[in-house]
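Okay, so here's the structure we're looking at.
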Amino acid sequence: MKVIRYLNLTTYIMKNKFVQAVLVIALGSALVTSCKPKSSGDAVSGDAAEKAYVAPGKYDEFYNFVSGGFSGQLSVYGLPSGRLFRVIPVFSVDPEKGWGYSEETKPMLNTSHGFVPWDDLHHTEMSQTNGEVDGRWVFGNANNTPRIARIDLKTFKTAEIIELPNSGGNHSSPFITENTEYVVAGTRFSVPADYSNGDVPINTYKENYKGHISFVSVDKKSGEMDLAFQIVTPGVNFDLSHAGKGKSHGWFFFSCYNTEQANTLLEVNASQKDKDFIMAVNWKKAEEYIKAGKGKKQKVKYAHNTWDEHTHSAKSVMKDEVLVLDASELKDICYMIPCPKSPHGCDVDPTGEFIVGSGKLAALIPVFSFDKLQAAIKGKKFEGDYGGIPVVKYEAALHGEVQKPGLGPLHTEFDGKGSAYTTFFVSSEVVKWDIKTLKVLDRVPTYYSVGHLCIPGGDSKKPFGKYLIAYNKITKDRYLPTGPELAQSAQIFDISGDKMKLILDFPTIGEPHYAQAAPADLIRNNGQLKFYKLEDNKHPYAAKGEKEAKVVREGNKVHVYMTSIRSHFAPDNIEGVFLGDEVYFHVTNLEQDWDVPHGFAVKGANNGELLIMPGETTTLKWIPDRVGTFPFYCTDFCSALHQEMQGYIRVSPKGSKVPLQFSLGTNLPTTK
Amino acid sequence: METTKLALVSKILLFIIAGLFIGSLFVPMWQIDLDAPQYPEGLVLKLHANKIGGDVEIINGLNHYIGMATLHTENFIEFKILPYIVGAFSLISIALIFINNRKFVLAFFGTFILFVILAGLDFYRWNYEYGHNLDPNAAIKVPGMAYQPPLIGYKQLLNFGAYSVPDIGGWYLIAAGVMLFYIVFKEFNLFKRKQTI
C-alpha cells in the first residue's frame, strides 16, 4: 500500500507542471544563494582599519572637496579618514552661517531671476597651474539656474558667482584648462537662446533650440571670472567635459547625448542612435576668431556677484552682453567624434593623448587618441556633418576599445602610473584598466551603483594616486537606517598596490557627484587665513572698537553699530526702537585670534543667525512685529562667560516718547 | 710675566661682545610662554629691549577675566632706557679694546653683573605688580590666587602654564656675560694660579 501510494505521489508530482516549476525555482534559488558572496564585509582586507585610521589630533593626508549635489553646497572631508570638516555654503542659503540671510551675503545669490535660495552643485574642480593642482581656488557649478562659483581656499568661502545666459542645466561644468585660463560650462538642456524668442512650441526643438558652451576666463591673480565668449551649437544635451592638457592643451572635449534632438520621453527618444558625440573644441582657434571680431554681440542678462574680503560684503552686477561664436559657420572650432550610447563621462588622461568617453548604456569603453584626431582632421576623414559641424570618422580618432569592462561606464580618473579607473553604475563596480593596452587589470564592487569617483589630482597632469574615492548613488543597508531618507555613501579604496582595496565607507551630506582632492600641505600652506585683520575692515557699518559702538536712526531705519568680544556685546541695552522700524544689527567681532567666532540672534527674527568671524562685520535685519522687550545673545559658545553674553532691545509703540539710547554696563537700576 | 694689557684673544672677544650687545637690540630678550588646553599653539609674550611683542593683544583680552591690568609698552619706562643701556654696553666693549687695560674690563664686568641683578629685580617687581594688582570686580576670582609669572622657569596659573625663559637676545647677553667672565679670568691669570697651587 505504502509503496503504491508513494509511486502515485511521484507520478503526481512529475505530471503536475506547476509543482515542477515550484521545485525548479526552489532548487535554483538555493544554488544562487549559495553562490552569492557572503557579505560586502568580505571585500574589506585585514589592514583596512589601519590604513584609514588617522589618530586623534593627527591630520589627514588629503583635503577632499566634495560636491553637495542637491544640497547646493560644497563639503570638505579629510582623506583617508573620511571625516567631515566643513560645509561651505555656495548656492543654497544656510541659516546657520547666515549665508543668504545676512545683508552682506544676499547679493551672492542674486541672479537675472532675482534671489535664488537653492541650487544643485554637481562638480568641483580645483584651479591648476601647468596642469597641476595649485591649491588656490575650487570651482563649483549650479545645475538648475546655471552659474559657476569660485571658492577661495585661503578663506574656504565662496568668493564669486557668475550666471550663464543661454543655458539650462549647467552640467558640463566647471572644468578648467591647464592654467585655469578658462572654466567652462556646457548647457545640459538646449533651450531657445535668451537673445531669441523663447515663446515657441516645445516640439520645434530642432529649429529653435540651441546649445551654448560658455568659456569663462579666470584672472591669473585675483581669480575674478568673466564670461569671455560662448559657442552656439545645434540643440543637444551637453553632459560632461574635460580640457586637453600637455599636447592637447588648447582643446576642450564635451560629451553630448540626445543628438536625436528629442523634446519628450528622452529615456527612449534620446537613446535611439547607436552613437552620439564627443565634441572637440579648439578654444585657441575660438580665441583667434574672437580677436578677429567674428564674435556676435548678443543681448542677454546675467548676474556677476563678487565678495569683497575687506568690506565683508557682496556686490551683484547685472551684465547685458555676450560674444557668441557660431560653430556651424566657423568650421574649424568644433569637431564631433562619434561615441557609443549616450556618452556621459569625458575624461582626458594625464598625458593629454587619450580621451575616454563613457557611454552610459554601453558595454565597452572607447578611448580616443588626440594625435589620431589631429591627423583625421588634417586628412579630412569626415563621415559628414552634424548641424554644420564636421563629424570625424569613429575609427579615425579611435585608439581602441576596452572590451567587456562592465555595464554602464560613467566616469574615469587616472593614477599617473598608466592606469585608468572607470566607474560602472549598472554593474556597481570600479574597474582598473591599462590606458595603452586597454586590458582590464582589476575590479572591485561598490555599495551601491557608483556615480563619480575621485583620485587626488586624478584629472590633472600630476595625479597623486594612493586613494580612490567612489561616490555611490544608492546606500540601502550600508549604515544604521534613518527612515526613508538615507545618508549618501562614499567609499575609499587604497590603490597604491596592484589591486584596489576597500578601506573605508563614509556617509556624506547632500548627494555627492564629482569631487577633487589635493595634498593637505598644498592647501594648508597656501596662506590660509586664521582671522580677518580688524584694521583692514572696510565695512561701512563697522565699529572697530567699543568706543565706536552706537545706534543711529535714519527715518524708520535703525542702525546698530555693535561690537562683540568675550564676553559681551556693546551696546547691550537698546531703547527707543519703535514698531514699524527696520533694525539693522551690524555686528563686528573685535577678536583678533584664531577660532573665536561670535554668533548673534534676536528673538522672533524672521531670519537666520549671524556667525561673525574675528575682524568681520555682518548685518542681521530685524523687523520687530510687536511691542515688547527682546533678548539677543551670542550663539557660538565663545568663552567661559558665553552664557552671560546677551542683551536686550526694547520696542515701543509707534510715536512713543522713549528716547533712543544705548549703553553697556552703565544702565543701572534706578530703584533700590 | 704679568701685564695689565689685554691679550689679542680678549680683544677679539670684546669685539664679539660688542656685537652681541648690539644684536640683542634687534631680537626679543625674554619670553613668557603660556600654554593652556584651549591654546595648543601657545601664546607668547616677547620682551624686546624697546617693546612688548608677541600675542599681547590676545593676552590682554584674556586678562580681563581675572582683572589683570592690560600690558602696554608705553607704560614701562624700561623700554625707553634699556636700548640706551645695552647700546652703551656695546660702545664700552669697543672702547675697552682701545683702553687695553684689564682693570677696566673687570670694572665693566662688575657693572654688567649689577645691571643683570637690577634688571632681574625690576622684572620681578613688575611681575608681582601685575600678578597681584587685580580688579576686585573681575569675573573670575579665586581666593588667595595671584597670577605672578615666574621670574625664570615654570609656574601654573589657573588653566595656563607659564614658562619664563630668556629669548635669543637674552642668550646673547648671557653669552656676553660668560665671555666677559672668561676675559677677566684669563687676564688676571686665575687659571694659572689655580694650576700652580
Q | Counted charge near A:Pro350, where neighbours are those whose Cβ lies closer than 13 Å (Asp, Glu -1; Lys, Arg +1) | A | -2
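With the cut-off at 1.5 for a/c, could you classify segment A:64-188 from its C-alpha gyration tensor as rounded, prolate or oblate? Intermediate results must be reported in sequence, preceding the final value.
Details: a/c = 1.65, a/b = 1.11, b/c = 1.49.
Because a/c hits 1.5 or more and a/b fails to exceed b/c, segment A:64-188 counts as oblate.
Return A:Val116, B:Val27 ranked ascending by Cβ neighbour count within 10 Å, so the fewest neighbours appear first. Write out the running numbers ahead of the final one.
Details: A:Val116 21, B:Val27 15.
With the fewest neighbours first, A:Val116, B:Val27 line up as B:Val27, A:Val116.
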Q. Regarding segment A:285-362, what is the average projected area of its C-alpha convex hull, in nm²?
A. 9.5
Q) If you put +1 on each Lys and Arg Cβ and -1 on each Asp and Glu Cβ, how big is the dipole of the protein assembly as shown around its Cα centre, in Debye rounded to 20? A) 1360
Q. Roughly speaking, what is the centre-to-centre gap between segment B:116-172 and segment A:99-160 when only Cα atoms are used, to the nearest Å?
A. 49
(Q) Below 8 Å, C-alpha to C-alpha, sequence gap of six or more: please give me the relative contact order for segment A:454-500 in percent. (A) 36
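Based on alpha-carbon positions alone, could you give the equivalent ellipsoid semi-axes of segment A:451-491 from the gyration tensor, as √(5λ), descending, whole Å?
Numbers: eigenvalues 165, 15, 6 Å².
Value: 29, 9, 6 Å, ordered largest first.
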Q) Roughly what would the spin-label model give for B:Asn101 and A:Lys220, points 7 Å off Cα along C-beta, in nm? A) 6.8
Q | Residue-span extension gain [A:Val200 to A:Gln374] - 0.36 nm each, minus C-alpha spacing | A | 58.7 nm
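In segment A:566-672, what is the volume of the convex hull around the alpha carbon atoms, normalised per residue and reported in Å³?
Output value, Cα hull per residue: 107 Å³.
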(Q) I need the per residue convex hull volume for chain A, using only the alpha carbons, in cubic angstrom as a whole number. (A) 243
Q | Reduced Cα scattering model of chain B, Debye log10 I(q)/I(0), q = 0.10 Å⁻¹ | A | -0.52
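Arrange the following residues from fewest to most other Cβ atoms within 10 Å of their Cβ: A:His113, A:His212. Provide the component values of the computation, followed by the final result.
Working: A:His113 10, A:His212 26.
Lowest to highest Cβ neighbour count: A:His113, A:His212.
Using the beta-carbon distance between A:Thr670 and B:Met145 and R0 = 51 Å, what value does 1/(1 + (r/R0)^6) give for FRET efficiency, to the nearest 0.05?
On the way: r = 36 Å, r/R0 = 0.70.
With R0 = 51 Å, the Cβ-Cβ based efficiency is 0.90.
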Q: Please report, in whole Å, how far the alpha carbons of segment A:308-433 spread along each principal axis, starting with the longest.
A: 56, 38, 27
Q. How are the Cα pair distances of segment A:56-119 distributed, in percent, across 10 Å bins from 0?
A. 22, 40, 25, 12, 2
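Do the sum for chain A: with -39,500 (n - 2.57) for every DSSP H run of n ≥ 4, divided by all residues, what is the mean residue ellipticity at 222 nm, to the nearest 500 deg cm²/dmol? Mind dumping the intermediate values first?
Details: 9 runs with 73 residues, N = 672.
Estimated from H runs of four or more residues: -3000 deg cm²/dmol.
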Q: Write down Rg/Rh for segment A:520-618, rounded to two decimals, with Rg from the C-alpha atoms and Rh from the Kirkwood relation over Cα pairs.
A: 1.05
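Round to the nearest 0.05 the FRET efficiency obtained for B:Ala88 and A:Phe637 when R0 = 51 Å and r is the Cβ-Cβ distance.
Values: r = 52 Å, r/R0 = 1.03.
According to the calculation, E is roughly 0.45.
Where both residues lie in segment A:411-565, what percent of DSSP beta bridges are antiparallel, nearest 5?
95
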Q | Label point distance in nm, A:Lys296-A:Lys58, each placed 7 Å from Cα along Cα→Cβ | A | 6.1
Q. If you put +1 on each Lys and Arg Cβ and -1 on each Asp and Glu Cβ, how big is the dipole of segment A:567-672 around its Cα centre, in Debye rounded to 20?
A. 700
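List the pairs from A:Lys439/A:Lys461; B:Lys5/B:Lys46; A:Lys360/A:Lys461; A:Lys221/A:Lys501 whose alpha-carbon separation is above 29 Å, in the order I gave them.
Numbers: A:Lys439/A:Lys461 22 Å; B:Lys5/B:Lys46 40 Å; A:Lys360/A:Lys461 25 Å; A:Lys221/A:Lys501 40 Å.
Exceeds cut-off: B:Lys5/B:Lys46; A:Lys221/A:Lys501.
In whole angstrom, how long is each semi-axis of the equivalent ellipsoid of segment A:140-266, when you take the square root of 5 times every eigenvalue of its Cα gyration tensor and sort them from largest down? Before the final figure, lay out each step's value.
Details: eigenvalues 152, 52, 28 Å².
Largest first, segment A:140-266 gives 28, 16, 12 Å.
Using only the Cα atoms of segment A:452-589, construct the convex hull and provide its projected area averaged over every direction, in square nanometres to one decimal.
Values: hull surface 62.6 nm².
Here the figure is 15.6 nm², rounded to one decimal.
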Q: Could you work out how far apart the two model spin labels at A:Glu321 and A:Gln528 are, taking each label as a point 7 Å from the Cα in the direction of the beta carbon, and quote it in nm?
A: 4.3
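Remind me, what semi-axes does segment A:375-499 give for its equivalent ellipsoid, largest first in whole Å, using sqrt of 5 times each Cα gyration tensor eigenvalue? Don't jump to the answer; show the numbers that get you there.
Working: eigenvalues 217, 72, 34 Å².
Over the Cα atoms of segment A:375-499, the ellipsoid semi-axes are 33, 19, 13 Å.
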Q | Using alpha-carbon coordinates, inclination of helix A:2-15 to the longest axis of chain A, degrees | A | 80
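Could you tell me what fraction of 2.2 N^0.38 Å the Cα radius of gyration of segment B:1-45 comes to, as a two-decimal ratio?
Working: Rg = 20.0 Å, N = 45, 2.2 N^0.38 = 9.3 Å.
Scaled against compact globular proteins, the figure is 2.14.
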Q.
So if I take the centroid of the Cα atoms in segment A:492-567 and the same for segment A:275-347, what is the distance between those two points in Å?
A. 31
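For a quick check: sort A:Tyr448, B:Tyr84, A:Tyr584 by the number of other beta carbons within 10 angstrom, fewest at the front.
Values: A:Tyr448 16, B:Tyr84 11, A:Tyr584 19.
Listed from fewest to most nearby Cβ atoms, that is B:Tyr84, A:Tyr448, A:Tyr584.
Where a number appears in this text, it was derived from the coordinates with a stated rule and is not lab data. Here the structure is a predicted model, which means the values were calculated and not measured. As a convention, Cβ positions derive from the backbone with ideal geometry for all residues, glycine included, and neighbour counts pool all protein chains shown.
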